[in-house]
Every structure is written in C-alpha cells, then in structure tokens.
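> After the structure tokens below, expect a handful of questions from me.
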Amino acid sequence: MTGSDVCGAMMDTVILLHLHRDHSYGVIGISVELRTMEAIYIDTYSGQDDIQNRTGELFAMAYRNALALDVLGSLGAHWWFNKHEPEVSWSLFSIVALAPAPSVLLLHEHMPMLQAALVAYSLFVLTLFTSIAAYRVSPFHPLAQYPGPIPCKLSQIWNVYIMWGGKQHEYRTMLHDVYGPIVRIGPNELSMVDKDLLPFILGPQGMPKGPLNADSRLTPASEQQKESYSLIGCRNPVRHAQLRKAWNKAFAVSPMKDYEDLMMLRAVQLMERLEQFCRERPDGVGRVDLAKWISFFSFDFMGDLIFGGGFELMRDDDKEGHWHGMETAIFAPAMCQHVPWFSPILRVLPFAGAPMRAFAQFALHYSKVRAATEVKRKDLFYHITEATLSDSDSGISAYPLILSNAVLAITAASDTTASVLSNIMYYLMSNPEAYAKLREEVDDAFPLSDASPINTERFAKMPFLSGVV
Ligand code: HEM
C-alpha cells in the first residue's frame, strides 16, 4: 500500500513497526483482513500521525522507565554507601560504574550507546549527589545536632579547598569562635576544643585509628608487604599493639639518650651556621629564612636518627633536592587526609603521583642501605630492630620493618618537628616579652659559665619552656 491509497473498509489492520533509535520508525509489515468490499478512503497521513503519537508514547514510557530505574539505582547506591561506608574506593567505584548499567541498556534501545551512557550516568551521579547533600544537611543525619557551616556539612572537598589555601588552622579557630567548643567541620567529622571531653572521646581503650594514614603509604607497590609493618597506618589494634611494643622500647629512657647525642651534634651545627650568617654581615645581623634552616636541621637529624646518617643539608644545602622532593611529595597526601579514599587513586595519577614516587624511591634507597648496614651509632632502627628481634613472639623480620617505617618516619618526624620549631620561633619573635622570659629561664638552667654538656634532665624543671612547646 502506498501513499494515500484507497483500500477496503471494515478491516482489522495490524501494523508492525520498527522503532529506530533516532525516534523515527519504519513500517516493516502490514497485515490487513478485509471484512467488506466497500471501499473507504484512508488518510494515511493522519494514520501516520497516530502511529507517530503512539510510538512517541511508547518511547516516552520506555524512556521514563529507564530513567526511573536509574534514579532508583542511585538512591539504592546512596543507601548502600550510608550503611556500609566503604573505605576501599574500588568497591565504591564499582557500584557507581555498574548501578546505572541496566538503564544504559534500556535507553540503548532508543538511542546510541554513548548517548544512553551519558544520560544514564549523568542522571545517576546527579541524583546520588543531590540525595547525599540533602541527607547531610537534613535533621536525620546523626551529627545534625552539632553546629557548623553548610559547606563543611556538605562535603570534605570544602576542607581540601581550605587546606589548599594554607590557612586551615585559622579557619578552624574562626569556626570555634563562631560556633563554640564543638563544631561539625565535615559531613562526618567534629572538631572539639574542650579538654574535659577528651576522656569521653578516647574511652578506656583509647580511640581506634581512623583512615587518615591507613592508605597514605609511599612505599612502592613492589616493596609492600602483605601484612602491615607501618605503625602509623596500622588500624588493626592487635597488630598495632604488636608493632608498638618495639617502638615503645625504642623510646625508653636509655635509647633516648643515644638520640640526644645525635641531636646535640646537629643543634650545635645549626647554631654555628646561624652565627656564621651573622658574622658575614657588617652590622652583625644575619638575615635568613629561619623556617628553611630549621627544616634543614630536622631533615639532617631525622636522617641520622632513621637512616643512620647520609643527609648534609645544613652543610651542602639541598643540592640533591631531597628536602624539596619531600615537601612536594607530601603535599598531595596531606590534601588526601581529608578524603582518604582518594589516596590509592592519587598514587596512580601520572602528574600528581610522580613526586610521591620519586620521593618513595629516594627513601627506599636509603632504607635499603640502612637495612643492609651494620650500625655504628645507635639510631632509631637499631633500637627498634633490637626490641623486635628480642621479642620471639613478634614474628617480624627486620628488613620489611625498616622499609615500611623508614619512609613514613622521615616524613612523620622531620616535617612535623620543623613546623613546630618554626612556629615556636615565629611566636617568640612576635612576642618579645615571652622571648625574654624564656631566655631568662634557659640562661638560669644552662649558665654560659657552665661548659658541661647539656643535661636534658633539667628540661623537666623548666615550666615556661614546656608551656612554649
Ligand atoms: C613535633 C613533632 C611531631 C608531631 C607534631 C607529631 C604528630 C603526630 C601525630 C598527630 C600522630 C598521630 C597520627 C595518627 O595516629 O594518625 C603521630 C604519630 C606518630 N609519630 Fe609523630 N609527631 C612528631 C614527631 C615525631 C617523631 C620525631 C617521630 C619519630 C622519630 C614520630 C613518629 C611517629 C609515629 C611512629 C607515630 C605512630 C604512633 C602510633 O601509631 O602508635 N613523630 N605523630
């Protein structure tokens, strides 16, 4: 039958249509059963309109069903995330990747695959984010009763943004000024500045470790052990206690004396370098970036403490770029502390992960050298290894222990120490009265006339120094 033909009246007509993905359709068969021979005129154009309308309805229904399935999948995913709080990002991403798949297949009946995937995934993500955001600011959230700004309640990304600007400490202080001693600083995080709450927060067993450092290891994958040897990242309380035993012994009174000896050498070196800067100037006033010199001091000292020596930044400057490498490498993992699930992804990103991999290689090299070297001076790993090997129950061998902890220790110990010392110097210089008071206390405890080595036991009787630290 073509065009606007005349055909038989009173007939049952079944039109078989094939619905194309671009919403057009093609007639693939017409079955006509004539009932009478009376001819009537069929306006095929209006017939085509009917078919088009019907097709449109069918298409809209199928489209609606696919989208409804997508929205349901998204709400289901939110429910699952909320219930299970997955920390392994791959399981989280598998769900996000797979949940919209049925909708994609349904939509693909009506549109090209790429378009179907775009529609389904966009709607899925949009619904998921809206649902999560609505829940986080709703009164149903378990932390709803605690005050805090909306961006903090909505996402940890806000905290990454604040940290990126380098003023997180000021921001947090401001929040406590505005909202009081307990502030909701993240969707699932509270900040508390009331020391009376500490016993309740820690509890009788102490608070278990969170995910902050669990996945922030820099050790290359090829060197990672099946079992955790890294104390700082270990979240299993039994394993942590096992590893911690050796560290406790390594920080007992007698080993501390060995570290003090190492530290004194470096402290004297720093003092001499600063004095030299002053002598070089005609007015006798040296002008240096003190924070940088304190960092060099702590990096050199931590090198002595952890790797048995090897760094000479105070003598040679950072000519090999080790310190700069560490500062660059720890920037991205520091950001990830707000979003720990991002750590494994970060490591494989070519640009963001490159400084981390370079620093890991450097630390690994020194760790291997240290692990293979017989120790002349009693450093941290001498004491940790001694304590570990003397404990026959530990089942831990020295090599992975040193490897896993050395990389972390150099970052955990040198940058933290440098930051604390730099801040102390900054505040002392900005508060001349405090500076004078501390100086008086130090001069009393260690008079210039007394040439004997510094006796650190006197620190215990220096209350203002303790207060400053
Ligand atoms: C002023 C300097 C320092 C600051 C501010 C500091 C800060 C911290 C903080 C906040 C933690 C807890 C992290 C967590 O459990 O998630 C920690 C743990 C740790 N720090 Fe430090 N740290 C400093 C110096 C050092 C030094 C000098 C060393 C080693 C030589 C060191 C080694 C460790 C280790 C091994 C842990 C893990 C302890 C455990 O899990 O039981 N830190 N540090």
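The values are calculated or read from the model by the stated rules, or taken from the named source; none is laboratory data. Just so we're clear, the structure is a prediction, and the values are computed from it rather than from any experiment. We place every Cβ from the backbone using ideal geometry, glycine too, and count neighbours over all the protein chains shown.
> Of all residues in the range 262-294, how many are closer than 20 Å to A406 by Cα and either loosely packed, with under 13 Cβ neighbours inside 10 Å or touching a Ser or Thr at 6+ places or on another chain (Cβ under 8 Å) (or both)?
Number satisfying all stated conditions: 0.
> Something else: Which count do you get for residues in the range 231-250 that are under 13 Å from N405 (Cβ atoms) and either hydroxyl-bearing (S, T, Y) or more than 10 Å from the ligand (Cβ to nearest atom) (or both)?
Number of matching residues: 1.
> Any residue at all in the range 330-337 that's within 20 Å of H365 (Cα to Cα) and assigned by TED's automatic domain parsing to the domain that holds I402?
yes
> Mind checking which residues of the range 136-160 are of a type in the set (S, T, Y) and surrounded by 14 or more Cβ atoms within 10 Å (Cβ to Cβ)?
Selection gives Y146, S155.
> Now a separate question. Would you mind telling me which numbered condition in (1) over 28 Å from G310 (Cβ atoms); (2) free of Cβ contacts under 8 Å to residues at least 24 places away in the same chain P344 fails?
(2)
> Kindly check whether there is at least one residue in the range 355-363 that is within 16 Å of the ligand (Cβ to nearest atom) and either under 29 Å from the mean Cα position of the chain (by Cα) or in the same structural domain as P255 (by TED's automatic domain parsing) (or both).
yes
> Checking the condition under 29 Å from the mean Cα position of the chain (by Cα), without any contact (Cβ under 8 Å) to a residue 12 or more places away in the chain, in the same structural domain as F307 (by TED's automatic domain parsing) and within 13 Å of the ligand (Cβ to nearest atom), which residue from N405, N423 passes?
Selected residue: N423, the only one of N405, N423 that is under 29 Å from the mean Cα position of the chain (by Cα), without any contact (Cβ under 8 Å) to a residue 12 or more places away in the chain, in the same structural domain as F307 (by TED's automatic domain parsing) and within 13 Å of the ligand (Cβ to nearest atom).
> Another question, if that's okay. Could you look through the range 187-212, keep only residues that are under 23 Å from I345 (Cβ atoms) and out of contact with any Ser or Thr (no Cβ under 8 Å at 6 or more places or on another chain), and pick out the one that is farthest from the ligand (Cβ to nearest atom)?
Restricting attention to the range 187-212, the residues satisfying the condition of being under 23 Å from I345 (Cβ atoms) are 187-189, 209-212.
If we keep only those that are out of contact with any Ser or Thr (no Cβ under 8 Å at 6 or more places or on another chain) as well, we get 188-189, 209-212.
Details: N188: 17, E189: 14, K209: 5, G210: 7, P211: 9, L212: 5 Å.
Looking at residues that are under 23 Å from I345 (Cβ atoms) and out of contact with any Ser or Thr (no Cβ under 8 Å at 6 or more places or on another chain), I get N188.
> Also, I was wondering about something else. Look at the range 206-248 and say how many of its residues are in a loop (DSSP other than H, G, I, E, B), surrounded by fewer than 13 Cβ atoms within 10 Å (Cβ to Cβ) and modelled with pLDDT of 80 or more.
Residues in the range 206-248 being in a loop (DSSP other than H, G, I, E, B), surrounded by fewer than 13 Cβ atoms within 10 Å (Cβ to Cβ) and modelled with pLDDT of 80 or more: 3 in total.
> What helices (runs of 4 or more DSSP H) lie completely within the range 106-199 and have 1 or more residues being among the small types (G, A, S) and touching a helix residue (DSSP H, G or I) at 6+ places or on another chain (Cβ under 9 Å)?
Numbers: elements: 113-137, 150-154, 157-164, 168-179.
Those helices (runs of 4 or more DSSP H) span 113-137.
> Taking the stated definitions as given, is E280 away from the ligand (no atom under 14 Å from the Cβ), of a type outside the set (S, T, Y) and touching an Asp or Glu at 6+ places or on another chain (Cβ under 8 Å)?
no
> Further question: For the range 409-418, name all the residues that are buried (at least 21 other Cβ atoms within 10 Å of the Cβ) and more than 7 Å from the ligand (Cβ to nearest atom).
Passing the criteria: I410, T411, S414, A418.
> Something else now. Out of R439, R370, report the one residue that is within 16 Å of the ligand (Cβ to nearest atom) and part of a helix (DSSP H, G or I).
Just a single option satisfies the conditions, and that option is R370.
> Does F297 meet the test of being within 22 Å of L403 (Cα to Cα), in the same structural domain as T411 (by TED's automatic domain parsing) and either among the aromatic types (F, W, Y) or away from the ligand (no atom under 16 Å from the Cβ) (or both)?
Working: within 22 Å of L403 (Cα to Cα): no; in the same structural domain as T411 (by TED's automatic domain parsing): yes; either among the aromatic types (F, W, Y) or away from the ligand (no atom under 16 Å from the Cβ) (or both): yes.
No, not satisfied.
> Looking at D450, D415, D444, which is the one that is in the same structural domain as S230 (by TED's automatic domain parsing) and charged (D, E, K, R)?
Every option except D415 fails the conditions.
> Only one of (1) surrounded by fewer than 17 Cβ atoms within 10 Å (Cβ to Cβ); (2) away from the ligand (no atom under 16 Å from the Cβ) is not met by A334, so which one is it?
(2)
> Moving to a separate point now. How many residues, within the range 287-338, are among the β-branched types (V, I, T) and in a loop (DSSP other than H, G, I, E, B)?
Selection size over the range 287-338: 1.
> For E374, which of the numbered conditions (1) surrounded by fewer than 14 Cβ atoms within 10 Å (Cβ to Cβ); (2) of a type in the set (D, E); (3) at pLDDT 85 or above fails to hold?
All conditions pass for E374, except number (3).
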